[in-house]
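The block underneath contains the structure these notes are about, expressed in structure tokens.
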Amino acid sequence: MEKAMQFDVIATCSTTKARTSLMKLPHYTVETPIFMPVGTKGSIKSVLLEQLEDINCQIILGNTYHLGLRPGVELLKKAKGLHNFMGWNRALLTDSGGFQMVSLLHMAEINEQGVNFKSPYDGTKSLLTPEKSIQIQNAIGADIIMQLDDVVPTTSKDDARMEEATYRTSRWLDRCLSAHEYPEKQNIFPIVQGGLIDNLRKLSGNLHLQRKVNGYAIGGLSGGEAKDDFWKMVSLSSQLLPCNKPKYVMGVGFAVDLVICCALGADMFDCVFPTRTARFGCALTPHGQINLKNNKYKMDFEPIEKNCICSTCKTYTRAYLHQIVSTESVSCNLLSVHNLTYQMQLMKSIRDSIKENKFPKFVQKFMLNMYPNKNYPKWCIDALKTVSIELE
Amino acid sequence: HGLNKFVGLENYLSCCSTIDSVLNTPRGKNQKDKVSLKTKSGNILIDYEKYMDIIEVFKPNMYVTLSISDTDWDSSYSLIEKSVNISNRLFMSCLERHHKSEVLKGSGVIAPIQGGYNIQERIRSATFLSEYNDLLGFLFDGFFTDGTVVEDIPGNLILPIVNKTMECLPKDKMKIIFGAWTLDTIIDLINSGMDIFDSSLPFFTTERNSALIFNYELKYKNDIIIMDSHCCTTDQNNVDKSNSFEICLMDTCYFEDFNPINESCSCLACRKHTRAYIHHLLMSNELLGSLLLTIHNLHYFHQFFKDIREVLLKNNQ
Ligand SMILES: [Zn+2]
Ligand SMILES: [Zn+2]
């Protein structure tokens with residue numbers, strides 16, 4: 001039987017927990033740490049596949065909830081999966097659909113069977129079970145698929161509910177694993193839950209460790225919790241999980257968060273942020289985000305970022321982008337290309353610095369660029385201290 | 001460094017004019033030799049000095065001189081007469097300024113022929129403008145103020161006017177027309193001697209979520225091009241123009257159509273994607289859908305012109 005994944009750690013930072021690896025998936029060999037752009041409905045908003053390849057996107061994410069509704073499972077089966085349907089021949093990852101339901105549909109109800117929800121289109125009641133989620137994800141055919149988990153808002157104060165969700169997530173994992181039809185082609189990742197409670201996180205991690213899987217996701221974060229809680233939970237979950245398997249922190253996309261999560265040992269990330277912020281006219285730079293709608297760019301004939309290698313920066317000035325932003329839809333493409341290039345280059349710099357064993361230096365320089373006045377957020381200083389990086 | 005560099009099209013030619021031929025641009029009131037232009041920030045009044053200041057900054061490869069061109073089928077004779085008079089005056093002022101300008105030495109001047117749908121006024125305008133030798137070409141202007149209705153203007157309404165006007169113009173100068181004229185009308189206009197068109201038609205096709213797919217055969221007979229377009233209905237009474245040259249990919253019949261938009265098209269959208277995928281993107285309101293349609297429609301339109309040039313070249317050797 002063929003293996004759905006081979007994960008080889010190439011280099012490990014001698015100071016922090018950061019590592020760089022090759023994750024060989026059925027459709028592509030992905031270099032980690034990696035950022036995965038989100039293509040909710042089977043396209044990265046306004047960006048061509050050719051552009052994604054040029055930017056060196058290696059794995060993109062699709063949303064099971066949206067794809068299950070449209071174009072639907074039957075069509076995806078006929079198209080022989082999402083890869084084929086959208087013409088993407090690198091790696092794909094799909095979420096379970098559960099998070100989308102709970103966050104988009106306030107009327108979602110969860111019980112042991114699954115997630116009950118009302119269709120936003122016709123109000124009919126449906127039930128998303130772990131089996132159903134895997135069925136849809138099998139039809140989509142992504143290289144990595146997610147278990148359905150019992151999602152409780154991160155900021156919930158209901159500890160009993162959180163505990164129930166932790167155990168239930170583990171029970172649902174077993175149902176997902178037994179419903180899975182293509183273990184030789186698709187990898188199910190369990191999701192470590194437990195909210196912001198240390199013991200529940202440990203419990204969740206340990207329950208998952210008993211199952212045979214090729215990688216793990218760290219979930220239930222990036223939901224409005226304090227940064228102080230966020231990094232501690234990432235650190236704790238990451239330490240629980242084995243070093244020879246990839247660790248995916250869900251919903252992380254800010255540059256600073258990415259760098260710190262890498263230092264704590266995480267390998268994979270996803271977020272709508274770079275493409276969403278592009279739609280609002282914002283461009284990412286090593287010094288933070290700039291809004292091109294701002295009048296100060298009207299006569300600025302520099303590219304967004306002088307050293308950026310993207311086609312937008314090579315061709316257009318801030319003044320031009322200022323003119324077309326928010327009026328011409330092509331601006332969305334141009335800014336998305338830049339922002340995704342920024343994310344991919346950031347991850348590449350992280351990987352390169354780990355290979356050269358210069359990651360701690362890279363982190364210090366990166367942080368100084370982001371905070372030239374050295375007013376580093378306290379959570380960054382604290383998080384990095386635990387992996388022996390001092391911010392001066 | 002000029003307009004071409006600013007918009008990232010350094011290796012292309014640019015042509016500046018004051019109208020966007022895909023928009024409805026009802027004008028404000030023009031004041032004595034000042035032209036009212038509709039912009040994103042409302043109507044502005046512009047005189048030839050201000051216009052030429054802008055052109056000097058843009059440094060386009062060619063540009064149309066400032067004119068009053070807000071005439072259409074319904075325009076009164078006096079309005080048409082006025083547009084010819086003022087446009088001619090503005091033309092002279094712009095040209096004078098052009099000759100004094102150092103930075104515009106490399107730019108060509110396009111003279112806008114006015115006259116609405118009045119043949120006498122068209123001839124008057126063309127005769128006046130053709131006396132100037134230092135022009136790059138002529139624009140057939142003033143046929144519409146609303147770019148969104150051009151497709152509905154019957155070809156036989158403008159063709160006699162275009163043909164009569166052509167007789168007054170020197171053969172060796174470029175002839176330009178803007179707007180989304182139908183493919184049949186484009187062929188007729190080329191036969192009349194028109195050289196340059198814009199991309200309004202593929203733009204509108206994309207706007208209605210459609211793809212150009214007409215199959216055509218171009219023949220050369222008695223010094224003119226004849227287009228045989230099949231797969232499309234030839235019924236002149238067919239009011240549903242969306243059926244004749246294009247398919248609407250929003251139509252549910254493409255839900256599971258795993259063919260490319262057009263088998264023989266070599267554009268990126270056709271090489272990589274299916275009708276089903278583009279249908280899905282359009283139904284899901286994904287920008288990539290119209291992006292792929294734009295790529296296909298522009299490619300198809302380009303190929304159409306390439307084929308026309310080939311037929312003309314082959315038969316004129
Ligand atoms: Zn860039
Ligand atoms: Zn095509």
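Computed from the coordinates by the stated procedures, all read-outs in this text should not be read as laboratory data. Values in this document were obtained by computation on a predicted structure and should not be read as measured data. Cβ atoms come from the backbone with ideal geometry, glycine included; neighbour counts cover every protein chain shown.
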- Task: Just add up the charged neighbours of B:Val84: K/R +1, D/E -1, any other residue whose Cβ is under 11 Å from the Cβ of B:Val84.
- Result: +1
- Note on the structure: Listed by chain and number, the residues whose amide H is under 5 Å from that of B:Lys175, excluding neighbours fewer than 5 places away on the same chain and using placed H, are B:Phe138, B:Asp195, B:Ile196
- Message: Are there DSSP H segments in chain B that both extend 24 Å or more along their axis (alpha-carbon positions) and score a mean Kyte-Doolittle hydropathy of at least -0.5? List them, or say none.
- Response: B:77-100, B:287-314
- Note on the structure: For peptide A:64-75, the mean count of other chain Cβ atoms within 10 Å per residue Cβ is 2
- Query: Can you pull out the cysteines in chain A that have no other Cys Cβ under 4.7 Å?
  - Reply: A:Cys13, A:Cys57, A:Cys176, A:Cys243, A:Cys261, A:Cys262, A:Cys271, A:Cys282, A:Cys310, A:Cys332, A:Cys380
- Shielding by partners - mean other protein chain Cβ count within 10 Å, residues of A:80-87: 3
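Would you mind putting A:152-163, A:274-285, B:53-64 in packing order, based on average other-beta-carbon counts within 10 Å, highest first?
Descending mean neighbour count gives A:274-285, B:53-64, A:152-163.
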- Each residue of the range B:131-140 in turn: what ³J(HN,Hα) in whole Hz from Karplus with 6.51, -1.76, 1.60 and θ = phi - 60°, glycine and Pro shown as x? 6, 8, 8, 8, 10, 8, x, 10, 10, 7
- Run down the lysines and flag those whose C-alpha is under 23 Å from the C-alpha of A:Lys355, throwing out any fewer than 8 positions away in its chain. A:Lys17, A:Lys24, A:Lys245, A:Lys247, A:Lys365, A:Lys385
- Excluding residues on the same chain fewer than 8 positions from A:Lys125, give the lysines whose Cα lies under 16 Å from its Cα. none
- Item | 5 angstrom amide H check on A:Ile110, placed H, neighbours 5+ away | A:Asn116
- Taking only Cα atoms of the range A:38-97, radius of gyration then Dmax in Å: 11.1, 32
- A correct Kirkwood calculation over the Cα atoms of the range A:159-205 returns a hydrodynamic radius in Å of 11.4
- Which lysines does A:Lys298 reach when only Cα atoms under 19 Å apart count, and residues fewer than 8 places away in its own chain are ignored? A:Lys306, A:Lys314, B:Lys5, B:Lys40
- Task: Please report, in Å, the Rg and the Dmax of the range B:12-149, where both are computed over Cα atoms only.
- Result: 14.2, 41
- Query: Hey, got the average number of other protein chain Cβ atoms within 10 angstrom for residues in B:5-13?
  - Reply: 3
- Over the alpha carbons of the range A:278-386, what is the largest minus smallest coordinate on each principal axis, giving the biggest first in Å? 46, 28, 21
- Note on the structure: Extension length gain for B:Glu96 and B:Ser41 (0.36 nm per residue less Cα distance), in nm, is 16.8 nm
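Which of the peptides B:89-97, B:263-271, B:122-130 is most tightly packed, and how do the rest follow, judged by the mean count of other Cβ atoms within 10 Å per residue? Don't jump to the answer; show the numbers that get you there.
Numbers: B:89-97: 18.0, B:263-271: 15.4, B:122-130: 20.6.
Ranking, from highest mean packing down: B:122-130, B:89-97, B:263-271.
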- Message: When 1/r is averaged over all different Cα pairs and the result inverted, which Kirkwood radius in Å belongs to the protein assembly as shown?
- Response: 29.0
- Query: How many percent of DSSP beta bridges within the range A:6-274 run antiparallel, rounded to 5?
  - Reply: 45
- Query: For A:Leu391, which sequence-distant residues (separation of 5 or more, or a different chain) have an amide H within less than 5 Å of its own amide H, given hydrogens modelled in the peptide plane?
  - Reply: none
- Message: Need one number for the range A:6-274: average projected area of the convex hull over its C-alpha atoms, nm².
- Response: 13.4
- Restricting to the protein assembly as shown, what percent of DSSP beta bridges are antiparallel, rounded to 5? 50
- Taking R0 as 60 Å, what's the FRET efficiency between A:Gln6 and B:Asp20 from their Cβ-Cβ distance, rounded to 0.05? 0.60
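Stokes-Einstein at 25 °C, 0.890 mPa s, Kirkwood radius from Cα pairs: D for the range A:93-133 in µm² s⁻¹?
Diffusion coefficient, whole number: 236 µm²/s.
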- Item | Relative packing of B:172-180, A:174-182, which averages over residues the other C-beta atoms within 10 Å, highest first | B:172-180, A:174-182
- Item | Debye equation applied to the C-alpha atoms of chain B, log10 I(q)/I(0) at 0.13 Å⁻¹ | -1.05
